[in-house]
1. Considering only residues of the stretch 158-180 that are of a type in the set (D, E, K, R) and within 16 Å of the ligand (Cβ to nearest atom), which is surrounded by the fewest Cβ atoms within 10 Å (Cβ to Cβ)?
2. Pick from the stretch 323-373 the residues that are within 17 Å of G197 (Cβ to Cβ) and exposed (fewer than 14 other Cβ atoms within 10 Å of the Cβ): which of them is nearest to the chain's Cα centre (by Cα)?
3. Can you spot a residue in the stretch 43-61 that is among the charged types (D, E, K, R), touching a strand residue (DSSP E or B) at 6+ places or on another chain (Cβ under 6 Å), without any contact (Cβ under 8 Å) to a residue 60 or more places away in the chain and not in a helix (DSSP H, G or I)?
4. Which of the residues that make up the stretch 56-90 are over 18 Å from G179 (Cβ atoms) and either within 16 Å of the ligand (Cβ to nearest atom) or of a type in the set (D, E, K, R) (or both)?
5. Against the condition in contact with a strand residue (DSSP E or B) (Cβ under 6 Å, 6 or more places away or on another chain) and either within 16 Å of the ligand (Cβ to nearest atom) or without any contact (Cβ under 8 Å) to a residue 24 or more places away in the chain (or both), how does G218 come out, does it pass?
6. Would you check if F59 is closer than 20 Å to L164 by Cβ, of a type outside the set (S, T, N, Q) and surrounded by 14 or more Cβ atoms within 10 Å (Cβ to Cβ)?
7. Take the residues in the stretch 84-132 that are more than 17 Å from T27 (Cβ to Cβ) and of a type in the set (S, T, Y), then tell me which one is nearest to the chain's Cα centre (by Cα).
Amino acid sequence: MSKELILNEIEKNQDEYVEFLRDLIKTNSYNPPGNEKNVAIKIEQYLKENDINCEIFSFGNNRANLIAYLNNNFDGKNLIYNGHMDVVPPGNESEWKNPPLSAFMKKKKVIIGRGAADMKGGLAAMAISLKILKRLDINLSGNLILNAVSDEETYGTYGTKWCLENKLKDIKCDFIVIGEPSGLSPLPKAILLGEKGHLIVKIITNGISCHAATPFLGKNAIYMMSDIIQNLDKLENIILNVEPPFSIEELKNFISDVFPNREIFEKIYKEQSVLQNVIKANTTFTKSLNIILGGIKENVVPDKCEAVIDFRLLPGQSINDVLNALKTLINDLGYEVRDDPIAKPEKVFVYLEVFHQSEPSVWKDWKNSENLRLLFSVIEDIYKKKPFYFLMPACSDAHFYRNSGFCSATVAFGPGSAATAHAINEFIEIDDYINAIKTYTLFAYNLLK
Ligand SMILES: [Zn+2]
């Protein structure tokens with residue numbers, strides 16, 4: 001009975017839900033600098049109109065996190081919905097067909113704007129699920145908690161990590177959904193059980209400058225860097241070699257389950273190089289040298305060269321493993337690695353600067369989870385297509401929950417296509433968004449009733 005009640009309520013109020021999402025997209029929360037408090041205030045207004053407990057925790061310059069919950073009882077089952085309020089900057093605005101903050105609605109089918117998919121769509125849908133359960137006054141024995149966070153696009157220290165350590169850690173949590181866009185069009189929806197780690201390191205080689213006519217008087221920092229780069233593949237022999245959480249075959253099996261038969265899947269798999277590469281990325285440690293800078297003048301031996309490398313780690317590998325391996329590699333080439341970039345001009349050494357780090361994580365005992373099966377069946381019921389289990393090749397805030405031991409049963413599932421996240425003309429399909437509202441509400445109802 002309550003299922004019908006919930007679905008009717010959603011059908012009836014679709015226009016209001018669409019306007020709420022458009023309002024969030026129009027609210028500037030580009031990060032950097034953040035300004036997530038603008039979004040937090042909108043969500044607070046929306047929820048407080050319906051007497052939902054909601055608290056904003058402000059920090060910095062117009063930044064904030066928000067926690068809302070259906071009732072004051074945290075002794076039963078607790079379900080957390082996590083969504084980030086910040087969005088990446090729009091890039092070159094003139095390339096957008098419609099201004100990125102206009103939340104332009106096309107033929108009542110699609111909403112275009114920065115954050116439409118990543119992830120104001122998922123965030124709005126999660127907030128609305130609380131409102132629906134409150135409005136219908138459905139009796140639940142557990143509690144649904146919304147954690148709307150800042151700082152995700154700049155790695156989550158002041159957002160999810162702060163909320164977990166300061167506000168949520170004493171709650172016994174049964175399940176967490178992060179509303180990141182988990183569509184991999186043309187495939188059906190994915191439920192993401194884990195994610196890779198991420199480390200960005202700037203390597204600075206410090207040599208000795210001199211006249212290029214007498215190069216042996218100096219130490220050429222570009223040659224030093226070249227030495228390191230040419231030996232970079234040796235890193236894989238030094239770092240901890242781990243099995244990926246799922247093999248290529250297992251990941252293929254997950255996806256092929258949504259096809260009528262294996263042959264059709266194999267045919268598509270052969271044609272889709274994107275799919276092959278996403279699977280490859282999810283099963284291997286990767287590195288990519290993305291920036292290199294060096295030299296000041298055509299007749300001066302350079303004393304400085306910088307290179308930025310992006311490493312993606314498999315669950316089981318740690319940021320420290322990679323940093324230590326990198327140091328070993330550089331030491332083995334005969335260079336000292338220093339902790340301090342400040343040097344006298346005659347010093348030859350290498351300095352490593354960590355730009356960003358986020359540990360890999362995976363939910364190991366997903367197979368035994370009834371809650372996960374429930375989520376799977378709700379998605380299948382609402383989207384009329386079986387979802388599939390998969391891994392995220394990028395990273396999200398999930399690792400804070402999983403790796404801290406707070407709740408390993410953390411998955412990412414949300415409306416929107418991952419391919420449109422961070423892209424020009426980012427969009428969300430309204431049907432997908434409404435289906436996400438239905439899924440979040442029914443999943444919470446079934447888990448907590
Ligand atoms: Zn995101």
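The values are calculated or read from the model by the stated rules, or taken from the named source; none is laboratory data. Note that the structure is predicted; figures quoted are calculated from it, not measured. We place every Cβ from the backbone using ideal geometry, glycine too, and count neighbours over all the protein chains shown.
1. Going through the qualifying residues, I end up with K161.
2. Checking each candidate, the answer is H356.
3. Checking the stretch 43-61: at least one residue is among the charged types (D, E, K, R), touching a strand residue (DSSP E or B) at 6+ places or on another chain (Cβ under 6 Å), without any contact (Cβ under 8 Å) to a residue 60 or more places away in the chain and not in a helix (DSSP H, G or I).
4. R63, D75, K77, P89, P90
5. So G218 fails the test.
6. yes
7. Across the stretch 84-132, the extreme among qualifying residues is S129.
Results for (1) within 16 Å of the ligand (Cβ to nearest atom); (2) not assigned by TED's automatic domain parsing to the domain that holds F349, shown as yes or no for each residue.
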site	(1), (2)
D118	yes, yes
L133	no, yes
I145	no, yes
G156	yes, yes
S182	yes, yes
P188	no, yes
T205	no, no
I208	no, no
A212	no, no
